[in-house]
1. With percent of Cα pairs over 32 Å apart defined as stated, name the option among (1) 29; (2) 52; (3) 32 computed from the structure displayed.
2. With +1 on each Lys and Arg Cβ and -1 on each Asp and Glu Cβ, how big is the dipole of the stretch 78-139 about its Cα centre, in debye rounded to the nearest 20?
3. To the nearest 0.05, what FRET efficiency results for Ser136 and Met47 with a Förster distance of 45 Å applied to their C-beta separation?
4. Can you give the charge dipole size of the stretch 69-108 about its Cα centre, rounded to the nearest 20 debye, using +1 on the beta carbon of Lys and Arg and -1 on the beta carbon of Asp and Glu?
5. Give me the number: length gained by fully extending Asn79 to Ser159, i.e. 0.36 nm times residue separation minus the C-alpha to C-alpha distance, one decimal in nm.
6. Provide the gained length on full extension for the span Thr65 to Gln144, in nm with one decimal, where the gain is 0.36 nm per separating residue minus the Cα-Cα distance.
7. Expressed in nm to one decimal, what extension gain is obtained for the pair Ala54 and Leu306 from 0.36 nm per residue of sequence separation less their Cα-Cα distance?
8. Is the shape of the stretch 5-116 rounded, prolate or oblate, going by the alpha carbon gyration tensor and its root eigenvalues a ≥ b ≥ c, with a/c under 1.5 for rounded and a/b larger than b/c for prolate?
Amino acid sequence: MPFTFEGKAAMMERALGSAGISILCQDARLSIFYAENLPPHFAALFMPGGSDAALFGDAHGRYLTALKHKVLETGIPNNAEVEIDVDGERRTYELKIQRTGERGAHGLLSVMTEVTESRHREKVLKSLLRELSHRSKNLLAIIQGIATQTARNTLSLDSFLLKFRGRLQSLSNSQDLITDSSWRGAYLFELAEKQFAPYWPETAGSMPIYGINAHLTPNAAVHLGLALHELIVNSASFGAISGGAASITLNCREAMINDRKAIEVAWAEVLHDQSEVHEFSDNSFGRTVLERVVPSSVNGRAELNLVPGRIEYRLTIPETEFEIFKRV
């Protein structure tokens with residue numbers, strides 16, 4: 001049995017509704033003589049013979065009127081987007097506009113769909129891409145600095161490659177934690193464990209990390225990771241770790257910087273020879289990282305003390321670079 005006109009119209013209405021599509025038909029004077037499946041906030045404003053200004057507001061109305069006149073004159077379809085406040089929420093609608101009818105009796109057909117969610121996703125994606133670009137540039141600058149400083153303080157290519165690869169791996173370990181957190185940063189304990197893992201002796205027991213497990217910003221995580229790498233590699237080469245001893249502690253506690261809340265990350269290492277005064281070379285990259293690069297990068301301060309039988313390092317990080325989550 002063939003469908004009636006009314007049946008076909010009902011099916012079309014249901015199809016438009018399920019697809020979230022609205023239709024507007026206008027004559028050559030841009031009077032709206034037919035509309036189908038309008039969202040409730042538009043349906044309440046619609047009257048046959050009304051204008052775009054009545055439906056979309058004066059500002060959007062002027063914009064759409066100029067655009068639609070151009071479509072009428074040229075016959076070239078065009079698209080438009082309008083943003084409407086609905087119950088305090090900003091919603092975006094796309095209109096695909098094309099000319100209809102025969103010469104001398106032209107009109108317009110506008111197919112309207114809501115694109116609020118897709119436009120929001122696009123904005124979020126663009127924001128993430130800008131953030132990624134910014135962070136990538138920062139990371140490249142750090143890598144360039146590591147390469148330059150490492151080259152200045154090594155005498156052979158083999159030595160350069162060994163130190164440079166180690167520092168890049170340290171940076172990569174920190175970056176893995178930051179990426180896993182969707183660029184929000186990293187927990188101090190996890191960061192320290194990542195840096196200790198390649199060098200900590202199995203016979204030395206659990207890693208010596210105590211105090212506040214602060215959540216660091218991406219910037220603080222990257223630079224603290226570099227500082228820990230220099231301390232750990234130095235210990236594995238010349239200090240306590242090289243002898244398999246667990247005479248190291250890494251402790252994080254609350255502190256202050258110029259009346260601002262902060263945390264202090266303190267490294268204490270006991271050397272095998274209690275009379276030894278360990279010497280970082282004055283122009284070594286490791287010492288430059290610990291005393292200048294890292295504190296400057298986190299707007300904090302640092303102190304490296306080389307006393308008989310001990311290596312002590314304290315890095316104070318202001319509250320803008322962390323959140324306190326848990327004390328252990």
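1. After the calculation, the listed value that fits is (2).
2. That gives a dipole near 460 debye.
3. Working: r = 54 Å, r/R0 = 1.20.
Plugging the Cβ-Cβ distance into 1/(1 + (r/R0)^6) gives 0.25.
4. For this selection, approximately 320 debye.
5. My answer for the length gained is 22.6 nm.
6. Details: separation 79, 0.36 × 79 = 28.44 nm, distance 5.50 nm.
Here the answer is 22.9 nm.
7. Answer, rounded to one decimal: 82.9 nm.
8. oblate
The values are calculated or read from the model by the stated rules, or taken from the named source; none is laboratory data. Computed from a predicted structure; not experimentally measured. Methodologically, a virtual Cβ is constructed for each residue, glycine included, from the backbone with ideal geometry; neighbour enumeration extends over all protein chains shown. All accessible areas refer to the heavy atoms of the entire protein, side chains included, with ligands and DNA or RNA removed. Shrake-Rupley method; radii C 1.70, N 1.55, O 1.52, S 1.80 Å.
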